[in-house]
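The block underneath contains the structure these notes are about, expressed in structure tokens.
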Amino acid sequence: MKRIFVIDWILIVVFIMSAISGFGLHVAGHGGTHEVWHNWAVFHVFVSMLFLIAVIFHVAMHLEWYKGIIKNGIGRKSKVTAVLSIIFLLLSVTGIVLLGVSGANSPLGLWHYKTGIIMTIIAVWHIIKRLSVLKKSLN
């Protein structure tokens, strides 16, 4: 399997884990014990860091796509991918900032959570559009 597809499959797995742990963290904040919330938080930070690393590799593999936007504008490039990139950047920045503050039930934490929901929807759309190519990579 080509390296790009290995990265893509890893990205899908860690994306799912990050999304599930983000939702789990939010639910645990609504009545769970502090220990349960803390466990979800640690797991979410861990898999989200893996997700960030995978995204960096993914973007590096598609760097020409981003250079094309800078050089020629969005043109016929995927608007979904462009929006996903911007939302992921916002989500990453807020997530990193939350590491340094008490983010539980904070406005920034809730903004991060809502942005995560939007990102999850757009990322699923992004993956579905590429699913046939990803399936072929398994052969």
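Inspect all residues belonging to the stretch 61-68 and state whether any of them is within 21 Å of residue 17 (Cα to Cα), under 17 Å from the mean Cα position of the chain (by Cα) and assigned to a helix (DSSP H, G or I).
No, the stretch 61-68 contains no residue that is within 21 Å of residue 17 (Cα to Cα), under 17 Å from the mean Cα position of the chain (by Cα) and assigned to a helix (DSSP H, G or I).
The residues of the stretch 1-16 include none that are in a loop (DSSP other than H, G, I, E, B) and under 20 Å from residue 121 (Cα atoms).
In this structure, residue 81 does not qualify as under 26 Å from residue 30 (Cα atoms) and surrounded by 15 or more Cβ atoms within 10 Å (Cβ to Cβ). Scan the stretch 120-139 for residues that are under 18 Å from the mean Cα position of the chain (by Cα) and either small (Gly, Ala, Ser) or open to solvent by 100 Å² or more (accessible area, probe 1.4 Å) (or both) and the total you get is 5. Within the stretch 1-26, the residues that satisfy the criterion of being open to solvent by 70 Å² or more (accessible area, probe 1.4 Å) and either in contact with a helix residue (DSSP H, G or I) (Cβ under 6 Å, 6 or more places away or on another chain) or under 17 Å from residue 91 (Cα atoms) (or both) are 10, 16, 20, 23. Just one of the listed residues (29, 95) is surrounded by 17 or more Cβ atoms within 10 Å (Cβ to Cβ) and at pLDDT 90 or above, namely 95.
For the subset of the stretch 98-118 comprising residues that are assigned to a helix (DSSP H, G or I) and open to solvent by less than 30 Å² (accessible area, probe 1.4 Å), which member is modelled with the lowest pLDDT? Ranking the qualifying residues of the stretch 98-118, first place goes to 109.
The values are calculated or read from the model by the stated rules, or taken from the named source; none is laboratory data. As the structure is a prediction and not an experimental result, all values here were calculated from the model. So basically every Cβ, Gly included, is an ideal-geometry build from the backbone, and we count neighbours across all protein chains shown. For accessibility, only protein heavy atoms count, side chains too; no ligands or nucleic acids. Shrake-Rupley method; radii C 1.70, N 1.55, O 1.52, S 1.80 Å.
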